[in-house]
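The values are calculated or read from the model by the stated rules, or taken from the named source; none is laboratory data. Remember, predicted model here, so these are calculated numbers, not experimental data. Quick reminder, even Gly has a Cβ in these numbers, built from the backbone with ideal geometry, and neighbours come from all protein chains shown. Surface accessibility is based on the protein's heavy atoms, side chains included, excluding ligands, DNA and RNA. Shrake-Rupley method; radii C 1.70, N 1.55, O 1.52, S 1.80 Å.
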Amino acid sequence: MRKLYPFLCLLLLLTAFPQTGKAAEPVQYQNKVDVSILLASSFPMVLNGTYQLVNKDTGKAQVIPPGTTISVKKDTAGVTVTYTGFSGTSAKGFDLQEVSSTKKIAFFTYETDMRRGASTSYDVIHTFKANDTADFLEEITNSQGQVWYRVSAAGKTGWVPFTYINLIDAPSESLTTINNKTTYRGSFFLKPNGNKVEVMNTLGMEDYLKGVVPSEMPASWHMEALKAQAIVARTYATRIRALTNTAASQVYGGYTAENSRSNAAIKETEGLLVRYDGKVAETFFFSTSGGKTANVGDVWRSNQSYYPYLVSVDDPHESSQYTSWTKIFPASTILKSFGYPETATLYNITLSKTGANGEVRGVTIETSAGTMTKTGNESEIRKLFPIPEPKAYNMLYSNWFDISVKRETAAMSVQTSTATTAIETLKGYTVQTPQGTVTLDGSGVSIQTSSGVVSSQGAGISEVIVTGKGWGHRIGMSQYGARGFAEKGYTAEQIVTHYFKGTTVSK
């Protein structure tokens, strides 16, 4: 038998190591959700974690060192990403993937060959350029006293001399700060959208909820209320996959918004969903009901029979500054909402209150420029009464309201059998004309008085006073109501099933 020399033994030992490997593996998220979080022409992203950048046109992946700041912008060729030592453009955009990584990252400061074994006598299987990175796997000293690193990148695993490599500790979790404002977990898709770049955040459901619950409900509230919010928000996201970071779906503040109390509520309710007849329900929520929630068919263009669990229920424990409210609007604001000149005269305003609790579905105004009725769902009605409050989306708090009016000084009076009485309008009165008795309908008729000619519609309205209840669409769970129930000793499941009639809570 031939004797093997020590150096040959070492080489054989090295070649026995696995010589093939995988590229950086993207993290696989449980119950993955995608959330649109930004639309901008250019912005920075600070990567405090281990990521790889994948060009959607070519499929080429580039591992990025932790702590790198990348610049993203939209140009005529597509999306361009740049950082130190790299610039790339893709018409389809880029995936910025969170990757599973070892505890250290090898950062190359100079062009370096990766070989099959820990010696220059082995074949070159890949060449790293300056600023490239790879996963660091292990370190050895070969028989020549040289230090070599085993690394994995670009679909290959091999050996590189340590000379031009810096080892960087990989963060324990990957976090990215966008636009120097909000920090997020997960991965990102940088996709072209018109003349801007849209950022989609991809992550697991439970991590997503960590950014939702404290953004939708104060984390200081009762734990059972927070748990109810977690269950309802999880169910909503399960059904509604076109998610944004605003109230258009549900507010999502990313990692920046996280709080230990709301995180605990999410953990304690992990996987729980609201179900009706065994199927995942539509679970809407809002701030304040005003004492009763609404039937979905009374505020949206929804067929009530499709949603037997989205019905009006009593909300006895709610306490909020929006439980009842009053707003005053000048006549010019109402005229403008209906498309009339603000200089026109507003004679009358009436409501069509067809909801079970008196929710408004239509508003009619009579003016010197004409008569108009506008109908619609709750948001369309609320927009007719704009208020300068961005947090309320600059519209009336709810469509559950009444009105009264303030008029200019009455311009007419009528003689009765007992006295002379000032009146605001002649509408509905009868007058004698050469053609006979006519009942005035308030349109297009003028009356000669001792002081001049006046309209039979009388004095114009100067202000419209709106008194209402609740804040939001009032469908599903009232958040202030949930807090009230929790403070009365109700559990999260009891709270949820109160607001969504006939439902159950389960995984």
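Of the three principal axes defined by the Cα atoms of segment 174-238, the extents in descending order read 43, 26, 22 Å. Simple rule: put +1 on each Lys or Arg Cβ and -1 on each Asp or Glu Cβ in the chain, find the dipole, and look at Thr163, Ser398, Val496; the Cα lying farthest toward the positive end is Thr163. Just so you know, the averaged projected area of the alpha carbon convex hull for segment 191-274 sits at 5.6 nm².
For the chain, the dipole from Cβ point charges (+1 on Lys and Arg, -1 on Asp and Glu) about the Cα centre works out to 840 debye, to the nearest 20. In this structure Asp123 has an accessible area near 100 Å², from a 1.4 Å probe over the protein heavy atoms. Max-minus-min Cα coordinates of segment 113-217 on each principal axis give 63, 32, 23 Å, with the largest extent listed first. Calculate, for Ser87 and Ala247, the FRET efficiency according to 1/(1 + (r/R0)^6) with r their C-beta to C-beta distance and R0 30 Å; round to the nearest 0.05. It comes to 0.20.
Residue-normalised convex hull volume from the C-alpha trace of segment 310-391: 123 Å³ per residue.
Distances between placed amide hydrogens fall under 5 Å for Ala281 paired with Val274, Arg275, Tyr276, all partners being 5 or more residues away or on another chain.
From the alpha carbon centroid of segment 189-259 to that of segment 81-127 is 34 Å. Neighbours of Gly186 by Cβ distance under 14 Å: Lys/Arg scored +1, Asp/Glu scored -1, total -4.
Across segment 184-324, the volume of the C-alpha convex hull divided among the residues equals 151 Å³ per residue. Straight-line cross-link reach from Lys104 at under 23 Å between alpha-carbon atoms covers these lysines, not counting any fewer than eight positions away in the same chain: Lys22, Lys60, Lys129, Lys156.
Amide H contacts for Glu258 (H built 1.01 Å from N in the peptide plane; partners 5 or more residues away or on another chain; cut-off under 5 Å): none found.
Ignoring lysines fewer than eight residues from Lys406 along the same chain, the ones with Cα atoms less than 16 angstrom from its Cα are Lys327. Cα extents for segment 103-174 along the principal axes, largest to smallest and rounded to whole angstrom: 38, 21, 20. Proximity of backbone amide H atoms, modeled 1.01 Å from N, is registered between Thr345 and Ser368, Ala369 at under 5 Å, excluding neighbours fewer than 5 places apart on the same chain. Placing dummy labels 7 Å off each Cα toward the beta-carbon, the span from Thr350 to Ala40 is 5.2 nm. The trypsin sites (Lys or Arg not before Pro) of segment 258-312 that meet both conditions, a loop assignment by DSSP and at most 11 other Cβ atoms within 10 Å of the site Cβ, are Arg301. With K and R counted +1 and D and E -1, the other residues having a Cβ less than 14 Å from that of Glu198 yield a net charge of +4. This model, with +1 at the C-beta of Lys and Arg and -1 at the C-beta of Asp and Glu, gives segment 262-316 a dipole about its Cα centre of some 140 debye. Remark: the Lys383-Val438 segment gains 16.0 nm on full extension, using 0.36 nm per residue and subtracting the alpha carbon distance.
Rolling a 1.4 Å probe over the protein heavy atoms leaves Thr375 with an accessible area of roughly 100 Å².
Entry comment: accessible area of segment 185-301 is 35 Å² per residue, from protein heavy atoms only and a probe of 1.4 Å.
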